[in-house]
Amino acid sequence: MRTSPNILKTLLPLMLMIVFMTSCKEDSKSSGTTKSKVVEEVLNEVTGKNENINDKYAELRKELGTKTPLTNEQLIEAFPKRLKNLSIDKSEEHKLEPKIIGSQNVAGHFGNDTIRIEILDAAGQKAVGAIIPLKMLELNTITSESNNTIRYSKKERNDLLTFGTDRDENTKADFQSELRFLYNNRFYVTVEGKAMDTNALWDAMGIENLQKFKNL
């Protein structure tokens, strides 16, 4: 008897789940919390609990794909030149201006490298570059690593779903905090800060400083 494609489609992820869960049992107990969270994520995927998230980002990707990207000049013009008490740092050319670091991507440092902001215009072909990481961040249910040196968070800020990373001050990372979010359903923003947590980083950035991107 020939097995139908629909049955195979259902059985395959379940078989993978059994193998995965078996391998998890062989790991040390010290990583048990993290492993259980990973299993929860896979179960959610198999049972369809993430269907709303998948649909959300599929629709967003479709919408962004129809938009015309901003020019380099527009990106530089919209980029903030000051964050409250922090002025933008000088570029290699000793000019107070942000820098185009790739296609549809602009970045700048503030307060002598205290804060770094990178903004990707996720219009057109760059939609995938924003949708995939944001979707993965939203699907992720792990809130902290077992060694407690890195803490992840999801938080609504000014009606925006933000994804945060806080690192222990003793880690060797260039920046101790990081925030990622999609601004105006189009601009994929990454903000990094030194000697501050994600809450302080959000306040220091000032979401109002991105207003020019919304006006374009």
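The values are calculated or read from the model by the stated rules, or taken from the named source; none is laboratory data. Owing to the predicted nature of the structure, the values given are computational and were not obtained by experimental measurement. Positions of Cβ are backbone-derived with ideal geometry, glycine not excepted, and every protein chain shown enters the neighbour counts. When the accessible area is computed, the model is the full protein with side chains, heavy atoms only, and any ligands, DNA or RNA have been set aside. Shrake-Rupley method; radii C 1.70, N 1.55, O 1.52, S 1.80 Å.
Restricting attention to the stretch 203-216 and to residues that are open to solvent by less than 70 Å² (accessible area, probe 1.4 Å) and not hydrophobic (A, V, I, L, M, F, W, C), the residue that is nearest to Thr171 (Cα to Cα) turns out to be Gly206.
Scanning the stretch 173-202 for residues that are open to solvent by 30 Å² or more (accessible area, probe 1.4 Å) and assigned to a strand (DSSP E or B) yields Arg180, Glu192.
Per-residue answers, yes or no, for (1) part of a loop (DSSP other than H, G, I, E, B); (2) open to solvent by 50 Å² or more (accessible area, probe 1.4 Å); (3) free of Cβ contacts under 8 Å to residues at least 40 places away in the same chain:
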{"position": "Lys67", "(1), (2), (3)": "yes, yes, no"}
{"position": "Lys90", "(1), (2), (3)": "yes, yes, yes"}
{"position": "Arg116", "(1), (2), (3)": "no, no, no"}
{"position": "Pro133", "(1), (2), (3)": "no, no, no"}
{"position": "Asn148", "(1), (2), (3)": "yes, yes, yes"}
{"position": "Phe163", "(1), (2), (3)": "no, no, yes"}
{"position": "Thr171", "(1), (2), (3)": "yes, no, yes"}
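Can you name the condition, by its number, that Lys126 falls short on among (1) more than 26 Å from Asn85 (Cβ to Cβ); (2) at pLDDT 90 or above; (3) out of contact with any Lys or Arg (no Cβ under 9 Å at 6 or more places or on another chain); (4) open to solvent by less than 40 Å² (accessible area, probe 1.4 Å)? It fails just one condition, (4).
Checked against (1) under 19 Å from Asn184 (Cβ atoms); (2) without any contact (Cβ under 8 Å) to a residue 60 or more places away in the chain; (3) open to solvent by 30 Å² or more (accessible area, probe 1.4 Å); (4) of a type outside the set (A, V, I, L, M, F, W, C), Ser103 passes all but a single condition, namely (1).
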